[in-house]
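All remarks here apply to the structure that follows.
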């Protein structure tokens, strides 16, 4: 980690920790915005150029324009590609060719407040709602390939009855949102009282308890066939998360890889081929 970045983060954390002691309500509000603000990729517009061979379009969700791209025949059954937190549609590019070659129409999109889609704040319920809307607009969606938080969104969309995919490929999915929020809090030297206040504020914003967003909690009542792919060297979302999701999802298969981490797994040929074969298997 560069020294300048480290010192800047420490300075930010010291100020946040001090304000949490003096102004806890303000600190809670700031923490909520921080937690719901995804990192913006500097080259988001440039990354969209990687999708130049697709047909582009937009849908409006809660007043925000959501960017979408489509490959393949309009009459073919569709597969939706959903990226994760801090990602963008072009990250899922490697899944396109194997799926189109197998006879599918492929749809990718930038999540709210990600890539070239509009917005500043977003969260898992937004991810689930937008995924369901993208699938509804394009129609005849047979499956979804979802990365990281996109995987939790796919499970939530199914559990809420807003989407009906027959097959789901979850790449590096999370299994413990509360645990993630605690790691987030430690990163910013956030007192537990502020973290709990942040969680309560986000629950109030979306009208849902966090425990009802956990994939292991909703998975047992899902009937979609699932393939979970997770790398044992994933430091951002440890392999145990994917193993937990697979254990709770009825009949799910777990494919473990090594040496790919959290993001390079998306461009690995073994992974993209396994996803296409799983979706295309009769």
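The values are calculated or read from the model by the stated rules, or taken from the named source; none is laboratory data. What you are looking at is a predicted structure, and each value in this text was computed from that prediction instead of being measured. Cβ coordinates were reconstructed from backbone atoms using ideal geometry, including for glycine residues, and neighbour counts include every protein chain displayed.
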> For region 159-185, which residues satisfy the criterion of being part of a helix (DSSP H, G or I) and within 19 Å of residue 85 (Cα to Cα)?
Replying inline: 177, 178, 179, 180, 181, 182, 183, 184, 185
> In this structure, does residue 114 turn out to be surrounded by fewer than 24 Cβ atoms within 10 Å (Cβ to Cβ) and in the same structural domain as residue 50 (by TED's automatic domain parsing)?
Replying inline: no
> Within region 225-253, which residues are within 25 Å of residue 77 (Cβ to Cβ) and surrounded by fewer than 19 Cβ atoms within 10 Å (Cβ to Cβ)?
Replying inline: 250, 251, 253
> Tell me, which helices (runs of 4 or more DSSP H) wholly within region 1-104 include 2 or more residues that are at pLDDT 95 or above?
Replying inline: 96-101
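Among the listed residues 211, 204, identify the single one that is in a helix (DSSP H, G or I), within 18 Å of the chain's Cα centre (by Cα) and more than 16 Å from residue 146 (Cα to Cα).
The conditions single out 211.
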